[in-house]
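Since the structure comes first, as structure tokens, the remarks are kept for the end.
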Amino acid sequence: MYQLPDLTYDYAALGNYISKDIMQLHHSKHHQAYVDKLNKALDDAPELKDQSLESLLRGVDSLPENVRTVIRNNGGGHYNHSLFWQWMSPDGGGQPTGELANKLVAQYGDFQGFVDEFTAKSLSVFGSGWCWLMPDLSITTNANQDSPIMQGSEAPLLGLDVWEHAYYLDYKNKRDDYVNAWWNVVNWRFVEQRLHDSE
């Protein structure tokens, strides 16, 4: 049985940028619903319970048809959000250092060039979805709760949830204000660790 992961910070800890109300709703309601529906789908396909979540998602197109869409949507939601909480920190923001910083400068000219490109891609997502920084430092997007690993790619280094439920209470329909605020809480140490682990 999958479980909702605990946060390493309080719901109010990102309050200057992402409010306690948003965090509580997003984590305890939306993410919990993904976990509950994923577990229900696996009850309906017990032969899949021995597989890891990443394995299920990497092979999502070959899953039994009666649970494929539910696992894609809710397994993807659980996987993406479990990372998303770690990509934010009350001590976040600023700029990365070391190898990650050097690679971003080499790829995008300077750190602001990367921020501008990632922001533009985030704002280009039509409807609900995610924006990702990949291990090769490319930036890509997915609709809904899809993840790059569903297309055979490596796991992303960084991801931003641009579903309206991630920001509507704070920013209404102004996704650009949300994305700009989010840069102030990005946990670059976690991103740097993921880059190291991917090499």
(request) Name every residue in segment 165-193 that is farther than 15 Å from MET88 by Cβ and of a type outside the set (D, E, K, R), in order of residue number. (result) HIS165, TYR168, LEU169, TYR171, ASN173
(message) Going by what's in this entry, would GLY127 be described as within 18 Å of the chain's Cα centre (by Cα), without any contact (Cβ under 8 Å) to a residue 40 or more places away in the chain and either closer than 30 Å to ARG175 by Cβ or not in a loop (DSSP other than H, G, I, E, B) (or both)?
(response) yes
(request) Given the conditions (1) without any contact (Cβ under 8 Å) to a residue 12 or more places away in the chain; (2) part of a loop (DSSP other than H, G, I, E, B); (3) of a type outside the set (Asp, Glu); (4) in contact with a helix residue (DSSP H, G or I) (Cβ under 7 Å, 6 or more places away or on another chain), report the number of the one that ASN173 does not fulfil. (result) (4)
(request) Check segment 70-84 and report whether any residue there is among the aromatic types (Phe, Trp, Tyr) and either outside the structural domain of GLY152 (by TED's automatic domain parsing) or surrounded by 18 or more Cβ atoms within 10 Å (Cβ to Cβ) (or both). (result) yes
(request) Can you confirm whether segment 99-109 contains a residue that is crowded, with 19+ Cβ neighbours inside 10 Å and of a type in the set (A, V, I, L, M, F, W, C)? (result) yes
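The values are calculated or read from the model by the stated rules, or taken from the named source; none is laboratory data. Small disclaimer: the values here were computed from a predicted structure and weren't measured. Cβ sites come from the backbone with ideal geometry, for glycine too, and all protein chains shown count toward neighbours.
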